[in-house]
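Chemist: My questions all concern the structure below.
The values are calculated or read from the model by the stated rules, or taken from the named source; none is laboratory data. A quick note: this is a predicted structure, and the numbers were derived from the prediction, not measured. Neighbour counts run over all protein chains shown; Cβ positions are idealised from the backbone, glycine included. These area figures cover heavy atoms from the full protein model, side chains too; ligands, DNA and RNA do not enter into them. Shrake-Rupley method; radii C 1.70, N 1.55, O 1.52, S 1.80 Å.
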Amino acid sequence: MMEFDHIAVAGDTLAAATQHAELTLGLPLQQGGEHAVFHTHNTLLGLEDGLYLEAIAINPDAPAPDRPRWFDLDRFSGAPRLTNWICRCDDLDATLASLPEGFGQPVSLQRGDLRWRMAVPADGVLPFDNCAPALIEWEGEAHPAARLGSSGARLTCLTVSHPQADALATLLAVHLHDERIRFETGPRRLEAEFDVAGNARKLT
């Protein structure tokens, strides 16, 4: 089984990605850190219900990785935007074995005392033009959401739009049961809706 874990906003720079999320939601993001292996860095926002938001970008002060970066960041260009959603699973290997090829192979990662395994495709591009969820398995009890200050923001809906949305929904139906996630046939697009202190906000 999969559980909705977090969403990722990418930008050409971390400042741009962070500002996009902050201006949309009207909330400040917290300092995150740097990622070895893929040489990216992030800022974070704690959400209700154990979710969180991650703003992420290539770290210009780090060396180039020896493989394509996760979240297809090597090809990122244009305005900062919501690019990915991430689901956690208790057994990443078993989950990958039950899915078609393309979701990637597990990569062991660490940031401070946070340890996890992430399925990353060899070319960095997830199925369905990056509309399929990235898969993560947290190791140990540590999880970013538990360490972030409460923002009071609640994600109420994530709309995944893609020309083959029905096929993606069918593929995930046996693994993921979350009424907040909707699949819509149309141009490739992710849109997250939030309740922030009683006010509706949309992040794209």
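Chemist: Between Leu44, Leu73, which is under 27 Å from Arg154 (Cα atoms), buried (at least 17 other Cβ atoms within 10 Å of the Cβ), at pLDDT 95 or above and touching a Leu at 6+ places or on another chain (Cβ under 7 Å)?
Modeler: After ruling out the rest, the residue left standing is Leu44.
Chemist: Can you tell which of Ala16, Ala10 is buried (at least 21 other Cβ atoms within 10 Å of the Cβ), closer than 21 Å to Ala192 by Cβ and of a type in the set (A, V, I, L, M, F, W, C)?
Modeler: Ala10
Chemist: Considering the range 79-109 alone, what residues qualify as being part of a loop (DSSP other than H, G, I, E, B) and either open to solvent by 50 Å² or more (accessible area, probe 1.4 Å) or in contact (Cβ under 8 Å) with a residue 40 or more places away in the chain (or both)?
Modeler: Correct list: Ala79, Pro80, Cys89, Asp90, Asp91, Ser98, Leu99, Pro100, Glu101.
Chemist: For the range 109-142, give me each residue that is within 12 Å of the chain's Cα centre (by Cα), of a type in the set (A, V, I, L, M) and more than 19 Å from Ile58 (Cα to Cα).
Modeler: Passing the criteria: Ala132, Leu135, Ile136.
Chemist: Which condition number in (1) at positive phi; (2) surrounded by fewer than 17 Cβ atoms within 10 Å (Cβ to Cβ); (3) of a type outside the set (Lys, Arg); (4) out of contact with any strand residue (DSSP E or B) (no Cβ under 9 Å at 6 or more places or on another chain) is the one that Gly124 fails?
Modeler: (2)
Chemist: Could you identify the single residue in Ala169, Ala119 that is modelled with pLDDT of 95 or more and closer than 19 Å to Trp70 by Cα?
Modeler: Unique residue meeting the criteria: Ala119.
Conditions tested, residue by residue: (1) in a strand (DSSP E or B); (2) open to solvent by 30 Å² or more (accessible area, probe 1.4 Å); (3) of a type in the set (Gly, Ala, Ser).
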residue: Ala132; (1), (2), (3): no, no, yes
residue: Glu141; (1), (2), (3): no, yes, no
residue: Ala146; (1), (2), (3): no, yes, yes
residue: Ser150; (1), (2), (3): no, yes, yes
residue: His177; (1), (2), (3): no, yes, no
residue: Asp195; (1), (2), (3): yes, yes, no
residue: Lys202; (1), (2), (3): yes, yes, no
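Chemist: So, one more: If you take the residues of the range 110-120 that are free of Cβ contacts under 8 Å to residues at least 40 places away in the same chain and part of a strand (DSSP E or B), which of them is most open to solvent (accessible area, probe 1.4 Å)?
Modeler: The selected residue is Arg115.
Chemist: Working carefully through the options Ala192, Ala153, Ala165, find the one that is farther than 18 Å from Glu3 by Cβ, touching a Leu at 6+ places or on another chain (Cβ under 6 Å) and not aromatic (Phe, Trp, Tyr).
Modeler: Answer to the check: Ala153.
Chemist: If you scan the range 55-76, which residues turn out to be of a type outside the set (Phe, Trp, Tyr) and touching a residue at least 60 places away in the same chain (Cβ under 8 Å)?
Modeler: Leu73
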